[in-house]
Each structure stands twice: as C-alpha cells, then as structure tokens.
1. Once the convex hull of the C-alpha atoms of segment 208-280 is built, how many Å³ does it hold per residue, rounded to a whole number?
2. Only Lys, Arg, Asp and Glu count, each charged at its Cβ (+1, +1, -1, -1), so figure out the dipole size of segment 233-324 about its Cα centre, rounded to 20 debye.
3. Chymotrypsin sites (Phe, Trp or Tyr not before Pro) within segment 256-294: which are DSSP loop residues with at most 15 other Cβ atoms inside 10 Å?
4. Per DSSP helix of 4 or more residues, -39500 (n - 2.57); summed, then divided by the residues of the chain. What does that give at 222 nm, rounded to the nearest 500?
5. Where the convex hull is taken over the Cα atoms of segment 392-473, what is its projected area averaged over directions, in nm²?
6. Rounded, prolate or oblate: which fits the chain when a ≥ b ≥ c are the square roots of the eigenvalues of the alpha-carbon gyration tensor, with rounded for a/c under 1.5 and prolate only if a/b beats b/c?
7. Once you've got the Cα coordinates, tell me which of Lys302/Lys469; Lys302/Lys356; Lys270/Lys401 are over 25 Å apart.
8. Determine the principal axes of the Cα atoms in segment 192-324, then give the extent along each, sorted from largest to smallest and rounded to whole angstroms.
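The values are calculated or read from the model by the stated rules, or taken from the named source; none is laboratory data. The structure presented is a predicted model; accordingly, all values stated were derived computationally and were not measured. For neighbour counting, all protein chains shown are included, and Cβ atoms are generated from backbone atoms with ideal geometry for every residue, glycine included. These area figures cover heavy atoms from the full protein model, side chains too; ligands, DNA and RNA do not enter into them. Shrake-Rupley method; radii C 1.70, N 1.55, O 1.52, S 1.80 Å.
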Amino acid sequence: MSEQNYRAFFAEAMNQIHIELKNEGKENEFTLWFNVHYVEDTISEITLSVASEFMRQQMDLRGTTSKIQQKIQELTGQQITIKYIVKNEPAKPTESIVQDVYTEQKAIIKDDIDKTKRTKKHPQLREDYTFDYFVPGENSIYAFNASLAAAKNPGKAYNPILIYGGVGLGKTHLMQSIGNYIYAEKGDKCKICYISAETFTNEFITSVRNRTTETFKNKYRKLDVLLLDDIHFLKDKDSTQEELFYTFNALYDRKCQMVFTCDRPINELKFIEERLRTRFSRGLNIDLQPPNYETRRAILEKKKEILLETNQFSPSLVNLIPKDVIDYIAKNVQTNVRDLEGCLTKMIGYAELVGKTVTIEIAQQQLRDTFSSSDNISIDTIQKVVANHYNISIADIKSKKRSTKFVIPRQIAIYISRNLTEYSYPELGGDFGGRDHTTMMHSYEKIAETIKIDSSLDTTIQQLIREIKDYKK
C-alpha cells in the first residue's frame, strides 16, 4: 500500500466534477457514473475500486475515467493513470442473489410504489408497467437507473432517452414506468402521451387527409412528456419524420421529457433523416441486452409475486411450480423476458388444468417445443453474415489462415454458432474446416473472455446476431 499522496487531490477532483455536473443539471450522472472509492496510489497511478466489471467498462466508455484523470492532472500538474479493481464479494447461492436484487430494487423505488397506489390509472399506460415490477440486472441496471432519474426530474436529468434492444427485453416497460411515475407525481396537470410510431404515423396521415394538421401539431407539441415506441417503424415515412423533427424541437425547447424505443442502435437506422438522427443522439442512448441467469431467475420469482398480488392465479396454483422448475426455465430460456414469463404462465396453466405439482420431467415435456424452436439458425447463415461484415469469404472463415484478419472473424463465428445453435464443439468443428474439439473450445473461450473487457466487441457481436436473425426471416 502507498502513503496515498494523491488522496486529497482525488477528493478535490471529484468535488469539482460534482459541482460542474450539478450546475449542468446532471447531478444524477455523477451519482451513477462516478461511484468509485480510493484504494491506493503510486507515483504515477491511482487505484480505485468499482462495484462490478460492467461498471468499469461503462465508466471507460462514457468518459468517466478520462474526466477524472484530466481533473487530477489539472490539480497536480502530473499525468496520472487511473486503474480499477472490482470489489469482489463472497460467492452467494442463487437464492441469496435473487433476494439481494429484490431488496436493492425496493429500497430504490419505495416512493414509486407508494405514489402509484395512491393515484388513478393513466388511460394510455399499463398499471403493471412500473419500476416496482421491473427486475434490473447487469443487462439493464443502467437503463433502469437512468429511467428512474429521468422520471424524478423530467426534462432535466436525461433528455431525450433512447432505449434500444431486441424484442421482449423491457423497453416499453421502462418507458411506461417513466410515464407512470411522473403521472403519480403530477397527475392530470401533466400532459403525458404514450404512443407507438405506427399510431403516430397513422394519426398524422389522417390529419393531412382531413386537413387537421394544426390540431395534430397542437396535440403533440404542447405535451409535457412524449413516450414514442418503436421508432424503427418510421422507415420510408419521410413526411412523418419531418413532422416528428419539428415536434422534437418544440418539446426540447420547452424542456419536456422525451423517451423513444427502437429495436437497434441509432447508428443502424439508415432510413432516419440525419437531422432527426442527431436529435435522437442528443441525450442518452441505452442498450438493453438479454438478462443473465441470476436476473432471469429473479424475473421469474418476481413474476410469481405479481401473479399472486394481482390475483391472476390462486396461491395454491402458483405454489405448484417448485424452485427447481423455476431454475430449469431460467437456465434454458436465454432470449428475453417475454419468453421467460410465457414459459412460467404455461406451467401454471398446466398445473391448473391437471391439478398437480409441476416436475422437471413435466416441464421438459411441456416446454420442449418452446426450447427447440427458438431459432433453428444454420451455421451457413452465421458464417455468411460474419464474412460479409468483415469483408472476407466463407472459405476464409473455414480456412487455416492465421492472419488476424481471418482469425478474429472465425472465432466470432464460432462463438455465435455455439450460442445460437445446439451443435457440440466436435459437430461445429466439421463446419469450420475440420477443426478439432479443443480448437473450437479455445476460439469460443477467447471471444467470451475478450467481450468482458471490450464492450465494443460485444456490441459488434450483438449487431451480427440481429443481422443473422433478420437474415433468416
């Protein structure tokens, strides 16, 4: 351990950053992305601790690290490197992890629960789409915290917010949670509108046909909160995009909160006008990834709670789904939240009709088609999409060429194949130039380890997976 000669400078640097962000109306950003603790230092390096590897990656990506380094350099005149260590906690059993998720979540949003119970329902928002019913994990904690911060300070904390990701991951849930929170706080005096991009387009077309465009403009440009779902629907709808551009400007100038959702990152929306794309990029763009095992398990436990609270099923029926069946579903459904909940509901429905406890054997039998029909993606498709992305041929991917230009795409194709198909390593080896089991496993593990420290590679792989699934269609 050092004598911590830079501790005082670090404290002052953090204080100045905090003040600067507070003056910019971004105090929540400081709370979210500067949550570090001083550990030690050397003559040229400061070591800080962070809560998780995910947080470390995000802090690097968002410029937190460089901002701290720059501020310390201003104060000391020395070029200091910031190093992170992840503050490891002792390993916990699954039940403990699930309980921790619940405890942390409820502590954060207790006021949300209280307000929602006292408030009547907003006509356009689902009652169950609240922060209380959302289970955040590493895949979604950033989106959850940012959404909650926006709900507490609409139009000030983060504006606009664009949440993107695959089907059934919780984009609409988080968007409507913001609306429900604000409505619980402000009531009818706050004009909140939730609408899909398709409905927005149809309304605009109707207003043009009926010569009521002024009414349309007044309706949307005088809102306090606009929640616009599925903006990817705006493809090839130039007039609607133009109207949305002017609506965006009007709401932004009045500091009204805007939240958008999309099925892909903004830079992949090639059909969106550049000026509108710039507007979407002005605030926070948040990626929702599929949940990991612990989060999937917590989501299923939470879903059981909701079913009991809302009396959708009797306690006796819900209790006919034992923990080992919950665990089985969590391990096998890796796609999205919607599929998880669908499998759980199917098992409860089975218990209701048959009148007996669901066993692992019953779950395997009843959910067999669900698990086996998830994708059916071919290795050929995966190789074709990856090869096109890296501007090489399928033959290059299958070849023995050792150049980095070919090795990395090959390893990525193997990694994706292992995740999207049910083929074993030996079976995959035959499709990748006759490679043996050990080589295939090494390729998979190489990419699996790299994406833990290189979020840009993870983003590329998720983009490729989306292209592969779209290619199939």
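1. Each residue corresponds to 89 Å³ of Cα convex hull volume.
2. That gives segment 233-324 a dipole magnitude of about 180 debye.
3. Numbers: sites: Phe260, Phe271, Phe280, Tyr293; in loops: Phe271.
Those that pass, being in a loop and sparsely packed, are Phe271.
4. Value at 222 nm, helices only: -18000 deg cm²/dmol.
5. Mean shadow area of the hull around the Cα atoms is 5.4 nm².
6. On the way: a/c = 1.26, a/b = 1.05, b/c = 1.20.
Because its axes are fairly even, with a/c under 1.5, the chain counts as rounded.
7. Correct reply: Lys302/Lys469; Lys270/Lys401.
8. Extents along the principal axes, in whole Å: 57, 32, 28.
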